[in-house]
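As structure tokens, the structure follows; a few thoughts come after it.
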Amino acid sequence: MWKQLLYSKSIWIKIASIVIGITMPLWLSIEQTGIDALMETLETDPDGSTLMLAAFGLVMLNTIRALPHYIGALLLGDELGRRLERPWLKIAVPFAIIPLVYAIINGYNSINYHFGGPAIILLLSIAVLHLLGKGQLRPIYKAFILAQLLFGFQWLDTITYLTAFGFGGGELSLLVKTTAEQLGFEQAISLYSFLFFAFFISNATVLAVYLTVAEQKTRMRQDLDIARLDMVESRSGREALHLVHDLKTPLSLMEGLNSLIQMKTEDREILQYTNKISSSIQATSDMVSEILYHEKKNWCSLKTFIEYVRANKLSESETMYTFDLAADEELEIYINKIRMTRALVNLIDNAGDAVEGKADAKVTIATKENRQGVSVGVQDNGHGISKENINKIWSAGYSTKSHPGVGLTFVKNVVKEHDAELTIESRKGIGTTFWIHLPKERVRDENINHG
């Protein structure tokens, strides 16, 4: 896990954002913003508009300087908490990094960065953002809301009456407020600063509530779609089971009549036909049993299984499929042929979706054998699955398409029923391979290849 984090591009992007925040005073100085020129103008020509421009410039400067490391720390904590399955890291990481950034900047910068009221309130806001909606708010939404909160809280530094409470303790902030007091504009600048603060904080609060509710509605809609699909499948499944169960009656009647014909005739050609009928009836009966009882399994050769998959899926598809059947086709595997076929067809459907629209689209059904047993796989040359999504694909409802995804959940259940193992190999931009590994106990052959 730690190795994956070390090589994760998204982690390093967030760390780079924090580093940018640390070095921002070197890139963006007071002189570049023109605030020093405004302050000099106020000394010779006192004016309320010029004072407000200086205050606005100060707030913008502080916001732009702080934005990279605040958002970097927020998103880094969010990703570490999710990947390591430690939700407390979402709050602990920003609480550790942001004060450290202030300490580093004050260590090399001549102008003191004041870690005061706005910084403390922003840290508490980050905790609230993570707790709001029980973690359902997307990181990108959190970053957008945090940017508005940051701009809003920075206005508190220019309210003269809050200086005693730890707001606006930086050199430039104190200079702006002192100038306002000398000019008799302290009430005006405090009023305008409070109005700006109230507007942006209210806007951020409304946006946070709206996005949280929207996210909850989206998740509820997805859960409802999954529940509805499960209900339809369950109802359809029950109806199908009743129909399949009813097939046993005509099958029994056919077997009885066929046996009666065999007893009544000595014609070899007729007996040959009745033997074939009996074999077909028995095969159909076995299929009915496999549909009705998922625990029902029989020995089936790899060749028979692949041909059955071909007949059920590939013959109806316009996609060109290739085969890489390295395992001995005469090997017998102990499976529920109906359910295992459905599982493999689901994987083939996923592969077909992955290569849809590609000029060189290719889906390969493969088999291989080793000391542990036999594996059956489906390989595509699609876009691959990112490391961030590779763990999500097993969740019912996850899908890259417009409908809820339940196919892989079914595959996983079938594999579990067979005491087998399901693995995935995927590389972004190259393709994906799903393997169903049947253990040696499920394979019957005296000359199994041990290579």
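Tabulated values for the structure
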quantity	calculated
Computed accessible area, Asp157, all protein chains, 1.4 angstrom probe, square angstrom	20 Å²
Shape metrics for the range 49-136, restricted to C-alpha atoms - Rg then Dmax, Å	15.2, 51
Cut-off 13 Å between beta-carbons: net charge of the residues surrounding Gly168, Lys and Arg +1, Asp and Glu -1	-3
By accessible area with a 1.4 Å probe, ligands and nucleic acids excluded, highest first: order of Ser190, Ser426, Ser110	Ser110, Ser426, Ser190
P(r) weight above 23 Å for the range 83-173, C-alpha pairs, percent	32 percent
Set Lys303/Lys358; Lys9/Lys217; Lys337/Lys416; Lys296/Lys440 screened for pairs whose C-alpha atoms are more than 23 Å apart	Lys303/Lys358; Lys9/Lys217
Ratio of the Cα radius of gyration of the range 66-218 to 2.2 N^0.38 Å, where N counts its residues	1.14
Stokes-Einstein D (µm²/s) once Rh is taken as the Kirkwood radius of the range 1-94 over alpha-carbon pairs, at 10 °C in 1.306 mPa s	102 µm²/s
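The values are calculated or read from the model by the stated rules, or taken from the named source; none is laboratory data. Please read all numbers here as calculations on a predicted model, not as lab measurements. Here Cβ is always computed from backbone atoms with ideal geometry, including for glycine, and neighbour counts include all displayed protein chains. All accessible areas refer to the heavy atoms of the entire protein, side chains included, with ligands and DNA or RNA removed. Shrake-Rupley method; radii C 1.70, N 1.55, O 1.52, S 1.80 Å.
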